[in-house]
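Novice: Pasting in a structure now, in structure tokens, and then I'll have a few things to ask.
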Amino acid sequence: MQRFNESGLVFYFDSKWRVRKYDSQPFYRSLSGQGLKAVDFLALPDEGPVLLIEVKNYFNYHPNVNAPLQTTELPEPEELALRLHQKYHDTLRAIQVIRQFYQRRWWFRRVLPLTSYLASYDLDWTFWTEAHQRAVEVGTSRLVCWVENEPNQDTWSAMVAHRLEALFVAAAEVPDFQFASTRENPFWPKFQVKRQE
């Protein structure tokens with residue numbers, strides 16, 4: 001399993017999945033400087049769409065029982081839906097920009113026919129090539145909204161999902177997104193998440 005920490009959570013991905021934590025990528029600084037926001041993780045499962053995973057942790061947990069519980073104010077559903085929608089589109093744009101960066105390299109054009117043979121090495125250029133092929137050329141990408149919140153806030157989560165769907169529909173897009181949490185994980189066991197102790 002591959003392990004990543006994000007927003008007080010520990011993410012475990014199946015070792016066969018190809019995963020990138022976007023803000024640790026060499027492209028992150030220059031693209032974020034151009035105003036492109038992006039999701040926290042990009043994952044290429046064995047098959048299927050590219051998973052664009054955005055993490056939001058609103059769970060009121062504090063590991064030190066003697067410390068006061070920190071209150072986490074939930075954003076307005078419309079505000080969060082807008083941010084998720086923007087990050088989805090900005091990430092797809094970033095995938096295109098990264099692909100263009102590689103296409104300008106002479107060595108990339110020479111080894112491009114070998115991409116499928118070299119994919120098992122999980123090189124950066126093979127990852128971004130496959131991400132581009134799945135997300136842009138084929139058009140299969142799914143926004144995964146990993147939202148941790150209190151069990152009594154499920155109505156709020158449903159409101160965010162409803163507003164997000166409305167944004168996709170208004171843009172004449174097929175809404176392909178999924179909400180998940182440690183309570184409801186449709187990707188288990190290939191993709192597991194635990195709260196940091």
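Novice: Spot the failing condition for Val193; the list is (1) surrounded by fewer than 17 Cβ atoms within 10 Å (Cβ to Cβ); (2) touching a Ser or Thr at 6+ places or on another chain (Cβ under 6 Å), and only one is missed.
Specialist: Only one criterion in (1) surrounded by fewer than 17 Cβ atoms within 10 Å (Cβ to Cβ); (2) touching a Ser or Thr at 6+ places or on another chain (Cβ under 6 Å) is unmet by Val193, namely (1).
Novice: Taking region 165-186, which residues are free of Cβ contacts under 8 Å to residues at least 24 places away in the same chain and either touching a Lys or Arg at 6+ places or on another chain (Cβ under 7 Å) or closer than 26 Å to Gly8 by Cβ (or both)?
Specialist: Matches in region 165-186: Glu184, Asn185, Pro186.
Novice: Oh, and also: Kindly list the number of the only condition in (1) surrounded by fewer than 18 Cβ atoms within 10 Å (Cβ to Cβ); (2) under 24 Å from Glu6 (Cα atoms); (3) touching a strand residue (DSSP E or B) at 6+ places or on another chain (Cβ under 8 Å); (4) not small (Gly, Ala, Ser) that fails for Val160.
Specialist: Exception for Val160: condition (1).
Novice: Here is a further query. Return the pair list, or none, for Cβ contacts closer than 7 Å from residues in region 110-126 that are surrounded by 10 or more Cβ atoms within 10 Å (Cβ to Cβ) to residues that are among the acidic types (Asp, Glu) and in a helix (DSSP H, G or I), at least 6 apart or on different chains.
Specialist: Ala119/Glu130
Novice: Limited to region 148-166, what total is found for residues that are out of contact with any Pro (no Cβ under 8 Å at 6 or more places or on another chain) and farther than 17 Å from Ile53 by Cβ?
Specialist: Of region 148-166, the ones out of contact with any Pro (no Cβ under 8 Å at 6 or more places or on another chain) are 148-155, 157-158, 161, 166.
Then drop every residue that is not farther than 17 Å from Ile53 by Cβ, which leaves 150-155, 158, 166.
Count: 8.
Novice: Looking at (1) buried (at least 18 other Cβ atoms within 10 Å of the Cβ); (2) more than 17 Å from the chain's Cα centre (by Cα), which one does Ala166 not meet, given that it meets all the others?
Specialist: It fails just one condition, (1).
Novice: Any residue at all in region 153-164 that's under 17 Å from Pro77 (Cβ atoms), touching a residue at least 60 places away in the same chain (Cβ under 8 Å), aromatic (Phe, Trp, Tyr) and touching a helix residue (DSSP H, G or I) at 6+ places or on another chain (Cβ under 7 Å)?
Specialist: Within region 153-164, one or more residues are under 17 Å from Pro77 (Cβ atoms), touching a residue at least 60 places away in the same chain (Cβ under 8 Å), aromatic (Phe, Trp, Tyr) and touching a helix residue (DSSP H, G or I) at 6+ places or on another chain (Cβ under 7 Å).
Novice: Another question, if that's okay. Among Val147, Val174, which is among the β-branched types (Val, Ile, Thr), surrounded by 15 or more Cβ atoms within 10 Å (Cβ to Cβ) and either under 19 Å from the mean Cα position of the chain (by Cα) or under 29 Å from Ala94 (Cα atoms) (or both)? Steps first, please.
Specialist: Working: Val174 fails: surrounded by 15 or more Cβ atoms within 10 Å (Cβ to Cβ).
Of the residues listed, the single one that is among the β-branched types (Val, Ile, Thr), surrounded by 15 or more Cβ atoms within 10 Å (Cβ to Cβ) and either under 19 Å from the mean Cα position of the chain (by Cα) or under 29 Å from Ala94 (Cα atoms) (or both) is Val147.
Novice: While we're here: If we keep just the residues of region 1-52 that are among the polar types (S, T, N, Q) and out of contact with any strand residue (DSSP E or B) (no Cβ under 7 Å at 6 or more places or on another chain), which is nearest to Asp124 (Cα to Cα)?
Specialist: So the residue we want is Gln25.
Novice: In the list Leu42, Leu31, which residue meets the criterion of being more than 20 Å from Thr140 (Cα to Cα), among the aliphatic types (A, V, I, L, M) and in contact (Cβ under 8 Å) with a residue 40 or more places away in the chain? Spell out how you get there, then give the answer.
Specialist: Numbers: Leu42 fails: more than 20 Å from Thr140 (Cα to Cα).
Being more than 20 Å from Thr140 (Cα to Cα), among the aliphatic types (A, V, I, L, M) and in contact (Cβ under 8 Å) with a residue 40 or more places away in the chain holds for just one of Leu42, Leu31, which is Leu31.
Novice: Mind checking which strands (runs of 3 or more DSSP E) fall wholly inside region 89-197 and carry at least 1 residues that are hydroxyl-bearing (Ser, Thr, Tyr) and closer than 23 Å to Lys56 by Cα?
Specialist: Fully inside region 89-197 and qualifying: 141-148.
FYI, it's all coordinate maths here, none of it is from the lab. These numbers come from a predicted model, not from an experiment. Note: ideal-geometry Cβ built from the backbone for every residue, glycine included; neighbour counts use all protein chains shown.
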